[in-house]
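Colleague: Before I ask anything, here is the structure I am working with.
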Amino acid sequence: MDLLATSTGDLDIVDGELAWVTGQDAIAQHIAFRLRTCLNESRYNTSEGVPWTQVIFRPGTNDQSRKFILEQAVMGTPGVTGCTLDDIVTDPETRAATVSGKALTVQGEVDFAVTVGAGI
């Protein structure tokens, strides 16, 4: 059981109380958090995160490399046993990306679509 976050990452409050998320929804939320965390962003674990500016948005990075890196980030989510990315749309000029796919978990499949904005 995790605290539920809004689409902007803030804690969700329902009827004046913090809301909770469980099961497949918790896994989907964790995937979104993992994909929205940039490499070196956390001072507690600088090796954690996706190398968005270091690799993903760099000119010359091929789609196979992007897919592999992002699938590994999703696979690092607790409960995820497999991952298939359906689509990766990147815009190096605006530094925005949308990643969508399916994660196989111990409880079944989880569909996800995560947009990482220019704030990275």
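The values are calculated or read from the model by the stated rules, or taken from the named source; none is laboratory data. Everything quoted here is computed from the prediction, not taken from an experiment. These accessible areas exclude ligands, DNA and RNA; they are computed on the full protein's heavy atoms, side chains included. Shrake-Rupley method; radii C 1.70, N 1.55, O 1.52, S 1.80 Å.
Colleague: First obtain the Kirkwood hydrodynamic radius of the chain from its Cα pairs, then insert it into the Stokes-Einstein equation at 10 °C and 1.306 mPa s, and state the resulting D in µm² per second as a whole number.
Modeller: It diffuses with D of about 106 µm²/s by this estimate.
Colleague: In the chain, what percentage of the DSSP-assigned beta bridges are antiparallel, given to the nearest 5?
Modeller: Of those bridges, close to 95 percent are antiparallel.
Colleague: Same structure again: I'd like to check one number: the per residue accessible area of segment 1-113, probe 1.4 Å, reported in Å² as a whole number.
Modeller: 62
Colleague: Please check: in the Gaussian network model of the chain (C-alpha springs, under 10 Å), which one of 33, 57, 68 has the largest mean-square fluctuation.
Modeller: 68
Colleague: Note down the relative contact order for segment 38-120 as a percent, whole number, built from C-alpha pairs under 8 angstrom at least six residues apart.
Modeller: Taking the mean separation of contacting Cα pairs over the length of segment 38-120, I get 20 percent.
Colleague: How much of the accessible area of the chain, probe 1.4 Å, is carbon plus sulfur, in whole percent?
Modeller: Percent of accessible area from carbon and sulfur atoms in the chain: 50.
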